[in-house]
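Report on one structure; see the data block that follows.
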Amino acid sequence: MLARWAPLVNEFERVRREMDRMWEALDPRSGRPGLAGTYPLLNVMEDDERLYVEAELPGIDLNKLNVTVLSTNELSIEGERRPVEIAGTWHRQERGVGQFKRVVNLPVPVDAEKVEARYEQGVLTVVLPKSQLAKPRQIAVKAE
Amino acid sequence: MTTQATPLATRETTREIVFTPRVDILEKEDELVVLADLPGVKADDVEVKFERGELTLHAKCSPRWTGRRGLQTEYGIGDFWRTFTVSEEIDSTKISAELRNGVLTLHLPKIEQVKPRKIAVKGE
């Protein structure tokens with residue numbers, strides 16, 4: 001009797017493992033559950049003059065990559081990764097394809113006119129000069 | 001092809017954090033094609049080894065955030081490392097690799113005699 005059920009149990013197990021694997025695939029680098037399904041993952045950095053928004057986007061078609069400053073504190077990154085066009089038998093397919101879009105709220109206002117974006121080695125870096133109002137200002141302390 | 005788990009201690013790494021790159025593996029009649037996402041890696045920093053049926057991929061990723069303060073960090077960077085056991089007979093002298101836009105494409109040509117040969121059937 002047990003033997004009859006075994007294939008079904010195996011099937012449940014297989015589906016469960018497959019689903020676990022899917023979740024992992026959605027969130028491969030950060031390991032943070034809150035970001036599952038978020039693409040691309042972003043790192044936001046700053047120095048005194050600028051904000052930097054960086055995303056790993058290997059193998060992106062630059063013609064389909066749109067970086068838009070929506071306002072002084074909102075940046076949108078959208079694009080598409082095209083499917084692999086090689087005829088053959090697939091042994092493994094882990095690299096995601098398709099369209100993506102992400103809007104990020106910037107922590108300080110930026111000068112939208114001077115925003116620049118670079119794409120090197122599959123990494124997108126958006127450099128956003130901070131608006132004058134947001135830059136730290138050293139206040140001279142006057143003595144008597 | 002199967003992925004093989006290897007203890008961290010045996011990995012040749014330059015820094016502590018090591019990431020497993022995502023790959024696509026395709027088999028064509030005369031070769032295996034491996035595509036691996038290696039964002040932020042320069043061509044000189046990729047090492048591909050093929051030894052006794054084992055393909056090892058190791059890529060160094062240089063830090064690029066020096067002098068910046070992190071405000072929102074969703075991913076880390078570090079070296080990429082992965083190994084595969086290849087069951088096909090590969091001509092290791094003819095393996096070629098190309099890195100473009102952070103994607104590594106590896107071509108692993110099969111040894112001649114492994115390629116399917118069409119046998120002509122003679123009639124009377």
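Each value in this text was obtained by applying a stated rule to the coordinates, not by laboratory testing. All values reported here derive from a predicted model rather than from experimental measurement. Virtual Cβ from ideal backbone geometry, glycine too; neighbours counted across all protein chains shown.
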Dipole of the range B:18-99, Cα-centred, from +1 at each Lys and Arg C-beta and -1 at each Asp and Glu C-beta, to the nearest 20 debye?
-> 780
Calculate, for B:H107 and A:K142, the FRET efficiency according to 1/(1 + (r/R0)^6) with r their C-beta to C-beta distance and R0 51 Å; round to the nearest 0.05.
-> 0.15
R0 of 22 Å, Cβ-Cβ distance B:T85-A:W90: FRET efficiency to nearest 0.05 | 0.80
By the mean-Cβ-within-10 Å protection proxy, highest first, B:104-111, B:70-77 rank as B:104-111, B:70-77
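Once you average over the residues of A:84-96, how many Cβ atoms of partner chains fall within 10 Å of each Cβ? Please report the intermediate quantities before stating the final value.
Values: counts 6, 0, 7, 3, 8, 6, 4, 11, 11, 6, 9, 8, 2.
Mean shielding count: 6.
Residues with beta-carbon under 10 Å from that of B:R64, excluding B:R64: net charge, scoring Lys, Arg +1 and Asp, Glu -1? Write down the numbers at each step before the final one.
Details: positive: B:R68; negative: A:E54, A:E120.
Neighbourhood net charge equals -1.
Rg/Rh for the range B:70-124 to two decimals, with Rh computed the Kirkwood way over all alpha-carbon pairs. Provide the component values of the computation, followed by the final result.
Working: Rg = 20.5 Å, Rh = 15.9 Å.
Result for the range B:70-124 is an Rg/Rh of 1.30.
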R0 of 45 Å, Cβ-Cβ distance B:A120-B:E47: FRET efficiency to nearest 0.05 | 0.55
Note, B:L99: beta-carbon cut-off 13 Å, +1 each Lys/Arg, -1 each Asp/Glu, net -3
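Roughly how compact is the range A:61-111, stated as its Cα Rg over 2.2 N^0.38 Å to two decimals?
Details: Rg = 15.9 Å, N = 51, 2.2 N^0.38 = 9.8 Å.
Working it through for the range A:61-111, the quotient is 1.62.
Using +1 on the beta carbon of Lys and Arg, -1 on that of Asp and Glu, and nothing else charged, what's the dipole of the range B:61-124 about the Cα centre, debye to 20?
Numbers: 11 positive and 8 negative charges, 46 e Å.
Value, rounded to 20: 220 debye.
Just list whichever of A:K64/B:K28; B:K28/B:K49; A:K114/B:K60 have alpha carbons separated by over 25 Å in the model shown.
Details: A:K64/B:K28 29 Å; B:K28/B:K49 21 Å; A:K114/B:K60 33 Å.
Over 25 Å apart, Cα to Cα: A:K64/B:K28; A:K114/B:K60.
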Other chains near B:76-89: what is the mean number of their Cβ atoms within 10 Å of each residue's Cβ?
-> 1
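Convert 10 °C to kelvin, take the viscosity as 1.306 mPa s, use the Kirkwood radius over C-alpha pairs of chain B as Rh, and evaluate the Stokes-Einstein diffusion coefficient in µm²/s, rounded to a whole number. Don't skip to the answer; put the middle values down first.
Values: Rh = 16.5 Å.
The diffusion coefficient I find is 96 µm²/s.
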List the residues whose amide H sits under 5 Å from the amide H of B:L71, counting only those 5 or more places along or on another chain, with H placed 1.01 Å from N in the peptide plane.
-> A:V44, A:M45, A:E46
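Run the dipole for the range A:54-144 about the Cα centre, Lys and Arg Cβ at +1, Asp and Glu Cβ at -1, nothing else charged, and hand back the magnitude in debye, nearest 20.
Values: 13 positive and 13 negative charges, 30 e Å.
Dipole about the Cα centre, nearest 20: 140 debye.
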Spelling it out for A:L51: with amide H atoms placed in the peptide plane at 1.01 Å from N, the residues 5 or more places away or on another chain with amide H under 5 Å from its amide H are A:L128, A:K130
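Under the definition of partner shielding as Cβ atoms of other protein chains within 10 Å of a residue Cβ, what is the mean value for peptide A:50-56?
Numbers: counts 1, 2, 6, 2, 8, 3, 8.
Counting other chains' Cβ atoms within 10 Å and averaging over A:50-56 gives 4.
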Quick one: if you stick a label point 7 Å off each Cα along the C-beta vector at A:V108 and B:K28, how many nm between them?
-> 5.1
